[in-house]
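Here's the structure we're looking at; comments come further down.
Every number in this text was worked out from the coordinates using simple rules, so none of it is lab data. Please read these numbers as outputs of a predicted model, since none were measured by experiment. Please note: Cβ atoms are built from the backbone with ideal geometry, for glycine as well, and neighbour counts cover all protein chains shown.
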Amino acid sequence: MRQRAARDQKRLDSGAVSSPKDLENLQHEIVSLAKRQGDLEDVVLEVMERRESAQERVAELTDRVASVQSKIDDATARRDAALEEIDGEVASVTKEREVVAASVPADLLKLYDKLRGQQGGIGAAKLYARTCQGCRQELAITELNEIRRAAPDTVVRCENCRRILVRTPESGL
């Protein structure tokens, strides 16, 4: 467009166009081209401003992504460390369980494992203040009397959840 405007202006200045109508048309075309060029330059400026704004937004979002990724990396490292610690505890508890299980009579261990499978992993529960800690229900007085009369090595079970009850001095008997 600039080349065309320059060419038309050169024709106008050279005096090659002698007809008044052609001169008027040529001047009108030069004005139209200048207006069109101004409009296009305004559009270019607007696009440049939008581009700059978009680049700033991209930079901001890139920083946010980096921040979030840093937090993710930190959380992942903490999770991995916790899993490693848990795995160590599992191994230790498994060894301890094997030692204890070796000292428990086979029939009692079999009952415990069966109850553990039925009760979501908990086969025995502490009797604390006349309450089964497995089902969190207070035992009836008749059940407590039966447990009191039972020999210390007798396996007693909760009437509600059927777990093995572990008697302690805090049992409330």
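Side notes on the structure shown:
- Net charge of Cβ neighbours under 14 Å - reference Arg78; Lys, Arg +1; Asp, Glu -1: -3
- Cβ-derived FRET efficiency at R0 30 Å, Arg79 paired with Tyr128, nearest 0.05: 0.30
- Computed [θ] at 222 nm, deg cm²/dmol, the chain (DSSP H ≥ 4; -39,500 (n - 2.57); rounded to nearest 500): -25000 deg cm²/dmol
- Proxy reagent accessibility, fewest Cβ within 10 Å first, across Cys161, Cys132: Cys161, Cys132
- Efficiency of FRET from Cβ geometry, Ser70 and Asp42, R₀ 35 Å, rounded to 0.05: 0.25
- Considering only beta bridges that DSSP places wholly inside the chain, some 55 percent are antiparallel.
- Computed from the C-beta positions of Val90 and Asn160 and an R0 of 25 Å, the FRET efficiency is 0.25 to the nearest 0.05.
- Projected onto their three principal axes, the Cα atoms of the chain cover extents of 132, 35, 25 Å, largest first.
- Between Arg57 and His28, the contour length at 0.36 nm per residue exceeds the alpha carbon distance by 6.1 nm.
- Of the trypsin sites (Lys or Arg not before Pro) in the range 128-157, the ones in a loop by DSSP (not H, G, I, E or B) with at most 14 other beta carbons within 10 Å are Arg136.
- Over the chain, relative contact order from alpha-carbon pairs under 8 Å, at least 6 apart, %: 14
- Positive minus negative residues near Arg2 (Lys, Arg vs Asp, Glu; Cβ under 14 Å): +1
- Whole-number percent relative contact order across the range 105-171, with pairs defined as alpha carbons under 8 Å at least 6 apart: 35
- Here's the picture: charge each Lys and Arg Cβ at +1 and each Asp and Glu Cβ at -1 in the chain, and of Cys135, Ala151, Gln55 the one pushed furthest to the positive end of that dipole is Ala151.
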